[in-house]
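Below is one structure; the comments refer to it alone.
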Amino acid sequence: MTLSTHTRRQLGYAEGYLALGIKGGAAEALGEITGAERDATPVLALWLIVHSEAADWERAATVGAVLCEREPDVTGYWIQWAYATRRHSGIEEARTILIRGLGLHPREAIFHFNLACYEAQLGNLADARAFLDTACGLDAEFIELAKTDADLAPLR
C-alpha cells in the first residue's frame with residue numbers, strides 16, 4: 001500500500017514527537033490517520049511504540065501480534081510483542097511468543113537472552129543457563145548484560 005501524503009506527514013510528526021519524548025503528541029498525530037491507512041504496517045509500528053511508551057501493554061501486545069503476523073522477519077516486533085505480553089498477561093505467554101519467534105530466528109541472540117530471563121524467572125534454571133550460553137555464544141555483548149540483568153538473578 002502506498003501511503004498518502006497526509007499519512008506520511010502524520011507519521012513524520014509522530015516520529016518527531018516520540019524523539020522529543022512527547023507521547024501524547026505522537027498519539028494525536030497517529031490518531032489523525034484515517035481509513036485503511038490506519039492499519040498500514042508503518043502506522044501500526046509507531047502505535048506499538050506509542051502504546052509501549054504509555055505502558056498500555058494490552059494495546060501494545062495486540063498491535064505486536066498483528067505486526068508479527070504481517071512481518072515475521074522483523075525480530076524487533078517479536079521482542080516488543082513478548083515484552084508487552086509479559087507485562088499484560090505474564091511471563092509464560094511471553095515465553096510462548098519468543099519460542100515461536102525463535103523458530104523463525106534461531107541465530108538471533110536477543111531471543112535466547114530473553115528466553116534465558118523468562119526461564120530464570122520461572123525457576124527453570126537449566127533451561128535458562130542453556131539459553132544464556134547460546135545468547136552469549138552468538139553475541140558476546142550479552143556476557144556483560146547477563147551480569148546485571150535482574151531477571152537473571154536466580155542464575156547468579
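Please treat every number below as a calculation from the coordinates, not as lab data. As the structure is a prediction and not an experimental result, all values here were calculated from the model. Neighbour counts are summed over all protein chains in view; Cβ atoms, including those assigned to glycine, are modelled from backbone coordinates with ideal geometry.
A compact table of results
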| read-out | value |
| --- | --- |
| Protection-proxy order for peptides 105-113, 139-147, 3-11, each taking the mean of Cβ atoms within 10 Å per residue, highest first | 105-113, 3-11, 139-147 |
| Helical mean residue ellipticity (222 nm; -39500 (n - 2.57) per DSSP H run of 4+; nearest 500) of the chain | -24000 deg cm²/dmol |
| Paramagnetic reach from S4 in the stretch 27-46 [backbone N under 18 Å; point 7 Å along Cα→Cβ] | 28-44 |
| Phi to ³J(HN,Hα) by Karplus 6.51 cos²θ - 1.76 cosθ + 1.60 over the stretch 79-92, Hz, x for Gly, Pro | 5, 5, 4, 5, 4, 5, 5, 4, 6, 8, 10, x, 5, 5 |
| The chain: relative contact order in percent, alpha carbon pairs under 8 Å with at least 6 residues between | 13 |
| Paramagnetic reach from L155 (point 7 Å along Cα→Cβ, amide N under 18 Å) across the stretch 83-101 | 83, 91-92, 95-96, 98-99 |
| Convex hull projection area averaged over all views, the stretch 32-72, Cα basis, nm² | 2.8 |
| Bins of 10 Å, starting at 0 and running to the largest distance - Cα pair percent for the stretch 39-156 | 15, 43, 33, 8, 0 |
| Between the stretch 42-70 and the stretch 73-144, the Cα center-to-center distance that results, in Å | 19 |
| Cα long-axis angle, helix 57-70 against the chain (0 to 90 degrees, to the nearest 10) | 90 |
| For the stretch 1-54, the fraction of alpha-carbon pairs in successive 5 Å shells from zero, as % | 4, 24, 38, 22, 9, 2 |
| Inter-label distance for A65 and E141, nm, one decimal - labels placed 7 Å from Cα along Cα-to-Cβ | 3.0 |
